[in-house]
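Encoded as structure tokens, the structure appears first; notes follow it.
The values are calculated or read from the model by the stated rules, or taken from the named source; none is laboratory data. Nothing here was measured: the structure is a model prediction, and the numbers come from that model. FYI the Cβ positions are ideal-geometry reconstructions off the backbone, even for glycines, and counts take in every protein chain you see. Accessible surface is based on the protein model in full, side chains and every heavy atom, while ligands, DNA and RNA are left aside. Shrake-Rupley method; radii C 1.70, N 1.55, O 1.52, S 1.80 Å.
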Amino acid sequence: PRFKIVSFTRDVSTASGTQAVTGVGGTPIVVIFAATITTTNTFSIGFDDGTTALLVRANDGITTDTWAQTTQSIWMQVGGAGTDYYGKITALGSDGFTVTWTKEGSPTGTATINALCFI
């Protein structure tokens, strides 16, 4: 398989919704995500094939120096419990994918998401 690295951002104060990511150069068969907000202690690494999404994320907003696992592919925990922004792939296209985002509480900041796309 071929691969392509892409990077995109998301303002986590934005309402829940979708975001199209293009420029991949084909239809991804799996995407590996590394995401962070540099002004907070939030980080996640996730895997998504458009059907199954899994990730490991920093859980510092709830308990310092802990990690959590969930069935999303990108997760930003901004503050304590209930102040989250997370998403996963809900559609694969001929040049990328669509992430559907969910907002909980009132998170702020800009997430930078790096994606390794296997085509």
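Identify, please: which residue in segment 1-20 is among the aliphatic types (A, V, I, L, M) and closer than 15 Å to Leu92 by Cβ and is, among those, surrounded by the fewest Cβ atoms within 10 Å (Cβ to Cβ)?
Across segment 1-20, the extreme among qualifying residues is Ala20.
Among the residues of segment 86-119, write down those that are part of a strand (DSSP E or B) and polar (S, T, N, Q).
Within segment 86-119, the subset part of a strand (DSSP E or B) is 86-93, 96-104, 110-118.
Within segment 86-119, Thr90, Thr98, Thr100, Thr102, Thr110, Thr112, Asn114 meet the criteria.
Among the residues of segment 21-42, write down those that are open to solvent by less than 80 Å² (accessible area, probe 1.4 Å) and either under 17 Å from Thr112 (Cβ atoms) or among the basic types (Lys, Arg) (or both).
Across segment 21-42, the qualifying residues are Val21, Gly23, Val31, Ile32, Phe33, Ala34, Ala35, Thr36, Ile37, Thr40, Thr42.
Scan segment 63-114 residue by residue and report those that are at pLDDT 85 or above, more than 15 Å from Thr38 (Cα to Cα) and among the small types (Gly, Ala, Ser).
Across segment 63-114, the qualifying residues are Ser73, Gly87, Ala91, Gly93, Ser94, Gly96, Gly105, Ser106.
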